[in-house]
Amino acid sequence: MYTSSFGYDFWMPPLTSVVIFSGSIQFVVVEAMHSGMDILSYILIIAMMNIRHFFYALTCLGKFKGLSGKRKTYAYYALCDEAYSMIMGTKVPDDMEKEDFYLSILILLQSYWFIGTILGGILGNFINFEIQGIDFILTALFLVIFLSQWKQVEDHFPALLGLVASILALIIFGENFILPAMIIILLVLYLAYRRERND
């Protein structure tokens, strides 16, 4: 619906769902195309916003070890925020292989997103309403994922580290805080890992 509010055709959201499959970047694509943003700025924004997916992939190396070929490639491609949260926080059912369970999560989440963007693209051409503020949905989603993870685990150190590192990086680097925050988190976790191994 957000895409349709800028006058784009109904097929644009589902196309970006397949090619990009990143909700936050899909919002940026619409803004970039509408404002005529230059390609270099666009690439830098994508890299800064989605650097977290690199860290998601690193922490899933062990979980996806049993996958091979196209299944493994797809698993890393479809590793969105919601999928990562579920893969890290949900117990694998006893009657399923863990790799099949993880792939099921990834396929279902991408399917839901794809179907939602098709419906939004079609309905957005028929329903006219105030679209301002809809981009806050992503912020709300991250908050829900954070609270869900907080409840599922007893060790809150990683979550608190993420908050402190993000706030610190935001103060120092401003709106370009994501990559510095990720580097701080990675360094602290690495040092904690080394310390634990030495003890």
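Couple of notes before you dig in:
- Relative contact order computed over the chain (Cα-Cα under 8 Å; 6+ residues apart), in percent: 30 percent
- Partners for K72 among aspartates and glutamates (Cα-Cα distance below 17 Å; same-chain residues under 8 apart left out): E97, E99, D100
- Accessible-area composition of the chain, carbon plus sulfur, in percent [1.4 Å probe]: 68 percent
- The alpha-carbon of K151 sits under 25 angstrom from the alpha-carbons of these lysines, leaving out residues fewer than 8 places away in its chain: K63, K91, K98.
- Answer label, with Cα extents along the principal axes in Å calculated from the coordinates and candidates (1) 54, 40, 39; (2) 71, 48, 31; (3) 62, 48, 32: (3)
- Gained length - H34 relative to L179, 0.36 nm times residue gap less alpha-carbon distance: 49.6 nm
- Dividing the summed -39500 (n - 2.57) terms of all DSSP H runs of n ≥ 4 by the residue count of the chain sets its mean residue ellipticity at 222 nm at -23500 deg cm²/dmol.
- Each label point was placed 7 Å from the Cα along the Cα-to-Cβ direction; for Y77 and T90 their separation is 2.1 nm.
- Theoretical FRET efficiency, 1/(1+(r/R0)^6), r = Cβ-Cβ of K63 and D9, R0 35 Å, to 0.05: 0.35
- Per-residue 3J(HN,Hα) values for segment 56-66, derived from phi via the Karplus relation 6.51 cos²θ - 1.76 cosθ + 1.60 with θ = phi - 60°, read 4, 4, 4, 6, 9, 3, x, 5, 9, 4, x Hz in sequence order (x marks Gly and Pro).
- Efficiency of FRET between F126 and L186 - r from beta-carbon atoms, R0 45 angstrom, step 0.05: 0.45
The values are calculated or read from the model by the stated rules, or taken from the named source; none is laboratory data. What you see is a predicted model; the values in this text were computed from it and never measured. Reconstructed Cβ throughout: ideal geometry from the backbone, glycine too, with neighbour counts over all protein chains shown. Heads up: the accessible areas ignore ligands, DNA and RNA and are worked out on the full protein's heavy atoms, side chains in. Shrake-Rupley method; radii C 1.70, N 1.55, O 1.52, S 1.80 Å.
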